[in-house]
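Working notes, beginning with the structure itself.
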Amino acid sequence: MNKKMKLEIQNATLGYHNNAVLHNVNMELTAGKTTCLIGRNGAGKTTLFKSLLGILPVLQGEILLDGKNIRRWNCRDYARIIAYVPQARTLPFPFTAFEVALFGRTAHLSRFASPGKHDRRIAEECLEKLQIGHLRNRIFTQLSGGEQQMVIVARALAQQPLFLVMDEPASSLDFGNQIRVIAQVNRLKNDSLGILMATHSPDHAFLCKADVLVVHRGKLWKSGDCDRIITEKVLREVYDADVCVCSVKGKSNETFRTCVPVMG
């Protein structure tokens, strides 16, 4: 399969039951890039995700995968290419972390088939890749929030997708777990995987050196490299908050950018 496959939205109107939320949406995702989606609550980030995943039909325009409208893709084939990491982490049964990761192989199995040695090996590799192999036999519901989120990411990776769509993967996590999750997401970046990640923290885009899409007032307002897009002016317009975008030096003397609220 073409590693440089494109996922595109062209001249699209997105929404629910003929109620438009986003207008004239144009965007393109390719392997090898991390793109952060930022915007206020209710701006349309979830609408965009559901449309990309084929859950919501496009009201106008089209979404193309490898040049073909996603409505023409077989659901199972589409699931092998695009994996989703949701915010919610609740599971009704006491599965182990390994079993949860193994669920990601479902898209590669026939209707009544059970996972084989190959599928189990891939699930193991995904846990190890995220440095959580030691959790394989732990009950998912007994893990910390950060550990649960990494297991869900492992489940998505087990699909062996070309695109990973992540809906605020660090939400509801404490500061330390946020850093660990975002650091692992950044390590996933490679030439064969494209990542689209919604986040409420512009700092996550800086940490991942990501491209940025800004959802604002019913459209994709701005897009481009994080250093160019995430400015004090843009953040003030989007979030109605005064923020200082500063440069700081890390332990290795490398310069990083960060956002600091301006109080008073």
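The figures follow:
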{"quantity": "The chain, accessible surface, carbon-and-sulfur percent (1.4 angstrom probe)", "calculated": "49 percent"}
{"quantity": "Protection-proxy order for peptides 201-211, 45-55, each taking the mean of Cβ atoms within 10 Å per residue, highest first", "calculated": "201-211, 45-55"}
{"quantity": "Accessible area in the full protein assembly, largest first, 1.4 Å probe, for GLU28, GLU168, GLU232", "calculated": "GLU28, GLU232, GLU168"}
{"quantity": "Surface accessible to a 1.4 Å probe, per residue, for the residues of the chain, Å²", "calculated": "51 Å²"}
{"quantity": "Fraction of the pair-distance distribution of region 112-264 above 22 Å, Cα-Cα pairs, percent", "calculated": "50 percent"}
{"quantity": "Fully extended contour minus Cα-Cα distance, from CYS244 to ASN41, at 0.36 nm per residue", "calculated": "70.9 nm"}
{"quantity": "Straight-distance crosslink candidates among lysines, where the alpha carbon sits under 24 Å from LYS249 and sequence neighbours closer than 8 are dropped", "calculated": "LYS189, LYS209, LYS233"}
{"quantity": "Sequence-distant residues sharing a close amide H with TRP221 (under 5 Å, placed H)", "calculated": "VAL214, VAL215, HIS216"}
{"quantity": "Sites ASN190 and ASN11 - FRET efficiency at Förster radius 35 Å, r taken between beta-carbons, to 0.05", "calculated": "0.70"}
{"quantity": "Rough spin-label spacing in nm, given labels placed 7 Å along Cα→Cβ, for LYS117 and THR141", "calculated": "3.4 nm"}
{"quantity": "Proximal aspartates and glutamates relative to LYS222, as straight alpha-carbon distance under 13 Å, when same-chain residues fewer than 8 apart are discounted", "calculated": "ASP211, GLU237"}
{"quantity": "SER110 versus GLN60: modelled label distance in nm, points set 7 Å from Cα along the beta carbon direction", "calculated": "4.6 nm"}
{"quantity": "Lysine pairs within region 1-158, Cα separation less than 22 Å, 8 or more sequence positions apart or different chains", "calculated": "15"}
{"quantity": "Cα-based convex hull, the chain, per residue volume (Å³, whole number)", "calculated": "150 Å³"}
{"quantity": "Loop sites in region 70-170: trypsin sites (Lys or Arg not before Pro), DSSP, at most 10 other Cβ within 10 Å", "calculated": "ARG111"}
{"quantity": "Stretch gain in nm, segment LYS68-GLU28, where the contour uses 0.36 nm per residue and the Cα spacing is subtracted", "calculated": "13.0 nm"}
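The values are calculated or read from the model by the stated rules, or taken from the named source; none is laboratory data. Remember, predicted model here, so these are calculated numbers, not experimental data. Cβ atoms come from the backbone with ideal geometry, glycine included; neighbour counts cover every protein chain shown. Each accessible area value is taken on the protein alone, full model and side chains, heavy atoms only, with ligands, DNA and RNA left out. Shrake-Rupley method; radii C 1.70, N 1.55, O 1.52, S 1.80 Å.
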